Amino acid sequence: MNMRDTLSLAYRTIRSNRLRTGITVAIIALGIAALIGINTAIQAMSQKFMESFSSMGANGFTIRYRTAFRFDRGGVTKEKKGGRKLKKSNTNKPITKIQAEEFKERYNYPAKVSLSLNGGNGNAVAYGNKKTNPTVYIRGGDENYLELNGYTVVAGRNLNELDVSTGRNVCMLGKDVADKLFGSNEEAPLDKMVRINNIGFRVIGVLGEKGSQFGQSMDNVIVTSYNSVRRFFASSAQQSFSIGVKSNSIADIETAIGEAEGIFRVIRKNDIKEEDNFLIDKSDAFVEMFLRQMGWLTGSAVVIGFITLAGAAIGLMNIMLVAVTERTKEVGLVKAIGGKQKNIRWQFLLEAILISLLGAVFGILLGVLLGNSVSILMSTGFVVPWAWVFLGIIICTAVGLAAGIYPALKASRLNPIEALRYE
């Protein structure tokens, strides 16, 4: 018997025991599906979050007010400066308009700076007899806000310095708002007067589609100047400003951050022995932190997968041992017509490996499909975690070898005379 004959015999044996094979394949498939599915979902989420939070690119960072919910650049809080332990600042107050504008004026590093203020997310916008739901986000920015936040203007124009300094009633509509009030014609909203919470604003531009973030549409938004937000949205006037900075080159990012930190510590009146009373976040810092926090999901998938595969290996070994007992006479016949021990060993080993690999194939397909249900919900591309796919195949091959080696040895050592007389 050559290897081809041995493989053919192993395959026919598997086909003749479909129920037993199917149960074992299903157990193995569940373990691999858990492993592949969770890692596919994590990869899809990673892709989406990188798209959502890195709109400024790797050369952007944001200066924020230090709130209870906090994450800093790189996710590691500085404890020392110049070899000295820093004490907590007692001047931790929101970033004011004066401080933000002073930073923009004094920051002379080659970079673009944008000031922004949140105007809330419970706003209704109306035009004529049409009205949106009271869920529209208002964002107050300046002439650089769109570029640093990943928006584009598809019709009309951006805010200019005069719009910002005078705080006049002009705005740009996000795609969802424009479609709701004016239909699909991008030019239709221009120079029209819309009412935001019954306050009139003239539309100067329409924004291109940006998509969603955490399941929330980034196109259900109106962008106006931060002075307009302070003027008309009293509840937002006490909120903290955010300062976005985009350096000209990725190579300059750390120098740009250091320069910004030094200037803003002076503006915020930080004592030399105090820690910063503000945060500087790289544009991808949240993604990195989020993915670190999600690392336990990968660990859970590995644990669940290996526990299931360990159970499957034990079950497969038992099935192969039963197969040895059932086919004792067949083994004796093979030996009687000249089959060698290695032929018997390879037949049983190949059966175990083929069953494991069948489980791997079905498990990988199921896992990729389940994992990509997350990518469909998050509107990302189809994801295949190739590293985990190949690892799953290797693991299943190892499971087949581990489960089949003892039954294969037992079958190969049967006495042909005794095996032929076995009933």
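The values are calculated or read from the model by the stated rules, or taken from the named source; none is laboratory data. Note that the structure is predicted; figures quoted are calculated from it, not measured. Here the Cβ is made from the backbone with ideal geometry for all residues, glycine too, and neighbour counts use every protein chain on show.
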Out of curiosity, is L115 crowded, with 20+ Cβ neighbours inside 10 Å, out of contact with any Leu (no Cβ under 6 Å at 6 or more places or on another chain) and assigned to a strand (DSSP E or B)?
-> yes
Hey, F241 hits all of (1) under 19 Å from I98 (Cβ atoms); (2) of a type outside the set (D, E); (3) at pLDDT 95 or above but one; which does it fall short on?
-> (3)
Of (1) among the β-branched types (V, I, T); (2) modelled with pLDDT under 85; (3) within 15 Å of T13 (Cβ to Cβ), I355 fails just (2)
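Rundown of residues vs (1) modelled with pLDDT of 65 or more; (2) surrounded by fewer than 19 Cβ atoms within 10 Å (Cβ to Cβ); (3) closer than 30 Å to Q347 by Cβ, yes/no style:
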| site | (1), (2), (3) |
| --- | --- |
| V25 | yes, no, yes |
| N39 | yes, no, no |
| L86 | no, yes, no |
| T91 | no, yes, no |
Among (1) without any contact (Cβ under 8 Å) to a residue 12 or more places away in the chain; (2) part of a loop (DSSP other than H, G, I, E, B), where does L162 come up short?
-> (2)
If we keep just the residues of the range 350-401 that are part of a loop (DSSP other than H, G, I, E, B) and small (G, A, S), which is nearest to N39 (Cα to Cα)?
-> G381
Residues in the range 374-382: is at least one among the small types (G, A, S), touching a strand residue (DSSP E or B) at 6+ places or on another chain (Cβ under 7 Å), over 18 Å from I319 (Cβ atoms) and at pLDDT below 80?
-> yes
Filter the range 171-188 down to residues that are crowded, with 22+ Cβ neighbours inside 10 Å and out of contact with any Leu (no Cβ under 7 Å at 6 or more places or on another chain) and give me whichever is nearest to N123 (Cα to Cα).
-> V177
